[in-house]
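A short write-up of the structure that comes next.
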Amino acid sequence: MRLVTHIALTHIRYRLRQTLVGTLGIATGVGFSVMMAALMVGSQRDFVATLVNTLPHVSIRDEQRNAASQPAEAAYDAVAISGLRPDENRPGLKNPLALISALEAWIPGAVATSVNTRAILRYAGRDLTASVLGIDPRREPNVSSLAKNMRQGTLEQLSTVPNGLIVGDGLLNKLGLRMGANVALVPVSGTPLTGRIAGVFHSGVRSVDEGQIYTLTRTAQVLAGQTGLINEIRIRLDDAMASRDVAALVEAQVGYKALSWQEANEDLMSAFMVRNIIMFTVVGAILLVASFGTYNIVSTITHEKTRDIAIMKALGLSKHTVRRIFILEALLIGLLGAVLGAVLGYLMTFGLSHVEIKTPFGDATTLPVIYEPLHYVGAAAVAIFSSMIAGFLPARKAAAVHPVDIIRGAT
């Protein structure tokens, strides 16, 4: 094995310029692959984190996923009933306190009740429809990032300001509101009331910042025209990625529709899947192109060392040994390129993380990147594997050379 290594290193050193070109080609492929993966995965996780922090991981609503089946439908396969008017039931979750106690017993996370309704916000002659969420300020920090997203005021001020409202900064700017301003809330059904701006938040999601209002539970119940109403339970899990499984278990337990954040954003998750496929395709193409450099180098070495191969085989080296020599050369070039590429990828990723971007939609920010060891290991592994494959064909050709033909000048 020492002889094989010595010969392989000698060949690599002899063609130093081509070796450096091939190594730099692989290093460039690995470096750009790591950088692209860090940027695309980082931006995706940053967006998902913003989305997840804005929405509840799981929300339980006072509705059924499917209409209740009728006895005739269960008895006869040919029967299908539609347009049946249900009984007039009092809206809201039944016995919400018991539901919370049952859920808190096994759910790995926090649970909070809320009242979800809609109202028209009227100020200075302008009307804007908004979603109103009645919350408990004591439980809210456990299930959302509202307290961290506050720009003006605090979450606790909802309890001290009469009919206090916390609005998004987008809504504040759209209507020209200010802290302490009185606004009229006109509900779809119920009693109109006058609220006061007690705080301003910024979530980073435009639809939320321009169309979401937070208030106390009892204020939202007045807007909905029903005292004691609780029509939503929001859950924040320790592991946000387990939301889909937990939602299925919750729905089976309580009977109400439980919606995970993944299900609420299915189109977006599908777009991310397509984006990941594109990313891995581009990364694979970059590494494949880099492997052709290794193939070219090993092929050139094989062609130039034809007589040396004949001498080695004449001295007793087997074709398997000759094959190992050239495969080892490709492996060493791929390994060196992978190491240099990992360093290059880290430096480029580090540089991108300090690029400041200014947009008209918000404050200046930097590119979201992620330093994931798996990206480095994966890119290096693909580069080394590609180099070995690129070196296999020339190695196979070198091992098949007959020494007598070469010595006689037949090749």
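The values are calculated or read from the model by the stated rules, or taken from the named source; none is laboratory data. Not measured: the values here are computed from a predicted model. Cβ atoms come from the backbone with ideal geometry, glycine included; neighbour counts cover every protein chain shown.
A quick yes/no check of all residues on (1) crowded, with 20+ Cβ neighbours inside 10 Å; (2) outside the structural domain of Val283 (by TED's automatic domain parsing); (3) hydrophobic (A, V, I, L, M, F, W, C):
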residue: Arg15; (1), (2), (3): no, no, no
residue: Gln18; (1), (2), (3): no, no, no
residue: Gly25; (1), (2), (3): yes, no, no
residue: Gly29; (1), (2), (3): yes, no, no
residue: Val34; (1), (2), (3): yes, no, yes
residue: Leu39; (1), (2), (3): no, no, yes
residue: Gly42; (1), (2), (3): no, no, no
residue: His57; (1), (2), (3): yes, yes, no
residue: Arg61; (1), (2), (3): no, yes, no
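Condition first: in the same structural domain as Thr217 (by TED's automatic domain parsing) and in a strand (DSSP E or B). Can you find one or more residues in the stretch 93-110 that meet it? Scanning the stretch 93-110 turns up at least one residue that is in the same structural domain as Thr217 (by TED's automatic domain parsing) and in a strand (DSSP E or B). With respect to Val132, is the statement that it is hydrophobic (A, V, I, L, M, F, W, C) and assigned to a strand (DSSP E or B) true? Answer is yes for this residue.
Exactly one residue out of Ile213, Ile197 is within 30 Å of Asn95 (Cα to Cα) and modelled with pLDDT of 90 or more: that is Ile213.
Every residue, every condition in (1) closer than 30 Å to Pro368 by Cβ; (2) at pLDDT 75 or above; (3) in a helix (DSSP H, G or I), yes or no:
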| position | (1), (2), (3) |
| --- | --- |
| Gln18 | no, no, yes |
| Ala27 | yes, yes, yes |
| Ala37 | yes, yes, yes |
| Met40 | yes, yes, yes |
| Asp46 | yes, yes, yes |
| Leu51 | yes, no, yes |
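If you go through the stretch 176-205 and keep only what is buried (at least 22 other Cβ atoms within 10 Å of the Cβ) and more than 19 Å from Ser144 (Cα to Cα), you end up with Leu185, Gly195, Ile197. State yes or no: is Arg85 modelled with pLDDT under 90 and not aliphatic (A, V, I, L, M)? So Arg85 fits the description; yes. Which of the following residues is buried (at least 20 other Cβ atoms within 10 Å of the Cβ), touching a helix residue (DSSP H, G or I) at 6+ places or on another chain (Cβ under 6 Å) and in a loop (DSSP other than H, G, I, E, B): Val369, Val322? The match here is Val369.
For the stretch 124-139, the set of residues classified as in contact (Cβ under 8 Å) with a residue 12 or more places away in the chain, surrounded by fewer than 18 Cβ atoms within 10 Å (Cβ to Cβ) and closer than 20 Å to Ala198 by Cβ consists of Ala124, Leu128, Ser131, Asp136, Arg139, listed by residue number.
Where residues in the stretch 88-115 are of a type in the set (Gly, Ala, Ser) and surrounded by 13 or more Cβ atoms within 10 Å (Cβ to Cβ), which of them is modelled with the lowest pLDDT? Only one residue tops the list, namely Gly92. Would a scan of the stretch 230-239 turn up a residue that is at pLDDT below 90 and at negative phi? Yes: one or more hits.
For the stretch 349-364, indicate whether the set of residues that are at pLDDT 85 or above, in contact with a strand residue (DSSP E or B) (Cβ under 8 Å, 6 or more places away or on another chain) and buried (at least 16 other Cβ atoms within 10 Å of the Cβ) is non-empty. Yes, the stretch 349-364 has at least one match.
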